[in-house]
Amino acid sequence: MLIREVAPGVWVSTSRTMQTNSIVLAGESEALLIDPAWHDDELDAIADFLRERELRVVGGFATHAHHDHLLWSDRFGAVPRWASEATARVAQAERPALLASLGEDASERTRSLLGCVAPTSSLTAGMLPPGVIAELIVHDAHAPGHTAVWLPRQRVLIAGDMLSDVELPLPFDPDDVPSYLRGLARLEPYAHQAAVLIPGHGSVDTDARARHEADRRYLLDVITRGMSGDARIASPGMAEEYARLQRLVREGPPRDELT
Ligand SMILES: [Zn+2]
């Protein structure tokens with residue numbers, strides 16, 4: 001598996017499943033892992049990369065409490081793993097359902113480490129490799145306590161499951177379109193400044209602003225017109241998600257309350 005540097009000290013590998021992106025924030029000799037995923041061989045490839053570069057893992061961070069963002073490998077070490085308060089709460093409360101979502105193919109090794117995250121509201125210097133600065137942007141789009149990570153030095157936006165070129169905005173479970181729009185509003189200033197965008201699934205991009213506008217446009221089109229011409233509807237599994245949003249908007253509160 002290819003692990004590529006997309007900005008100074010920011011490495012990304014992409015899983016064969018759902019183009020899930022794993023992020024390594026590297027300092028001189030230490031690293032923080034964000035959403036490492038997915039299969040054993042892919043997690044091993046990240047561990048091999050860390051060993052080759054002599055990077056010691058100081059911690060992990062999960063952007064939200066979905067099974068594909070709560071993974072870990074024993075080879076990364078028994079270090080603290082963090083997430084927003086709501087993410088940590090949901091990860092613990094929903095553990096049986098998250099394990100079920102992971103599927104039966106997942107190894108015992110992966111299952112045992114799923115979702116063991118502690119709550120934090122920020123990543124302070126002691127939690128990060130020396131020299132790395134990372135700010136958390138916590139909101140409730142896509143999942144309660146969903147968190148984007150902003151790297152001000154490199155102007156990198158790690159968006160979690162938003163601003164993707166393959167995945168539509170998914171304002172479900174709990175179904176909450178207004179929260180999603182508020183989450184997008186929180187991200188807007190960062191999307192406008194970003195030099196590099198790393199979505200949870202899909203391609204790394206330099207135009208975060210366009211990705212942000214596409215997400216907003218999709219939601220507003222479905223809310224105001226009941227339909228969208230978004231190209232991502234053709235991505236695997238997304239036609240069902242599009243239909244689900246149409247249904248939600250049709251059967252939900254009046255439009256003016258949605259926006
Ligand atoms: Zn997700």
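Things worth noting here:
- Residues that are in contact (Cβ under 8 Å) with a residue 40 or more places away in the chain, within 17 Å of E167 (Cβ to Cβ) and either away from the ligand (no atom under 16 Å from the Cβ) or in the same structural domain as E5 (by TED's automatic domain parsing) (or both), drawn from the stretch 185-200: L197
- Verdict on R209 being part of a helix (DSSP H, G or I) and either buried (at least 19 other Cβ atoms within 10 Å of the Cβ) or at positive phi (or both): no
- Within the stretch 15-44, residues that are outside the structural domain of L70 (by TED's automatic domain parsing) have Cβ atoms under 6 Å from residues that are of a type in the set (G, A, S) and modelled with pLDDT under 95 in no pair, counting only partners at least 6 apart in sequence or on another chain.
- Whichever residue in the stretch 39-69 is outside any helix (DSSP H, G or I) and touching a helix residue (DSSP H, G or I) at 6+ places or on another chain (Cβ under 6 Å) and, among such residues, is farthest from the ligand (Cβ to nearest atom): V57
- Looking only at residues of the stretch 138-158 that are within 16 Å of the ligand (Cβ to nearest atom) and in a strand (DSSP E or B), we find that the one that is nearest to V58 (Cα to Cα) is V149.
- If you go through the stretch 160-192 and keep only what is touching a Phe, Trp or Tyr at 6+ places or on another chain (Cβ under 7 Å) and surrounded by fewer than 16 Cβ atoms within 10 Å (Cβ to Cβ), you end up with nothing.
- Exactly one residue out of R153, R111, R182 is in the same structural domain as V58 (by TED's automatic domain parsing) and among the basic types (K, R): that is R111.
The values are calculated or read from the model by the stated rules, or taken from the named source; none is laboratory data. Everything numeric here is computed off the predicted structure, so don't read it as measured data. Positions of Cβ are generated from backbone atoms using ideal geometry, with glycine treated the same way; all protein chains shown enter the neighbour counts.
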